[in-house]
Amino acid sequence: MVRRERQRYIIFKIIKNKEDQFNQEIFIKELWNNIWTYFGLREANKIGLWVLDWNLEMDYGILRCSHESKEIIISALTLIKEIEGKRVIFSPIKTSGTIRALKNKYLKKLIKE
């Protein structure tokens, strides 16, 4: 019997100027660029990255990745300093094994802020 790979969910805050806008595709390209540049193709093959939630109005996002690549994703997120010439910071808030925990606890706190 094949075992399913364990997943981790990472919620992060997007710190940017209110008028700055960029889409999810540009963010993913920049994130993959950092992964390939700093960690190499060998690590990039193991990641299993998915963007589950992307909300620029509330300035947050949720990523899903394999449990083994969680630290790589967090590092690559923090290495992004600008997108399309606009300064931006992606600040990881919390990592969880279930999406329900992130949405129930941390997303509600993030929306209240």
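Data overview
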| read-out | value |
| --- | --- |
| Reach of LYS109 by Cα under 15 Å, taken over aspartates and glutamates that are not fewer than 8 positions away in the same chain | ASP59 |
| Across LYS81/LYS105; LYS13/LYS108; LYS13/LYS103; LYS13/LYS70, pairs whose alpha-carbon gap is larger than 18 Å | LYS81/LYS105 |
| The stretch 30-62: chymotrypsin sites (Phe, Trp or Tyr not before Pro) falling in loop per DSSP and having at most 12 other Cβ within 10 Å | none |
| Distant-in-sequence amide H partners of ILE47 (H built 1.01 Å from N, under 5 Å) | none |
| Modelled label reach - GLU68, point 7 Å along Cα→Cβ, the stretch 43-60 residues with backbone N closer than 14 Å | 43-49 |
| Theoretical gain in end-to-end length, GLU57 to SER75 [0.36 nm per residue, Cα-Cα removed] | 4.1 nm |
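Taken together, the values in this text are just the output of simple stated rules run on the coordinates, not laboratory data. These numbers were taken from a predicted model, which means no experiment stands behind them. Using ideal geometry, Cβ is built from the backbone for each residue, glycine included, and neighbour counts are taken over all protein chains shown.
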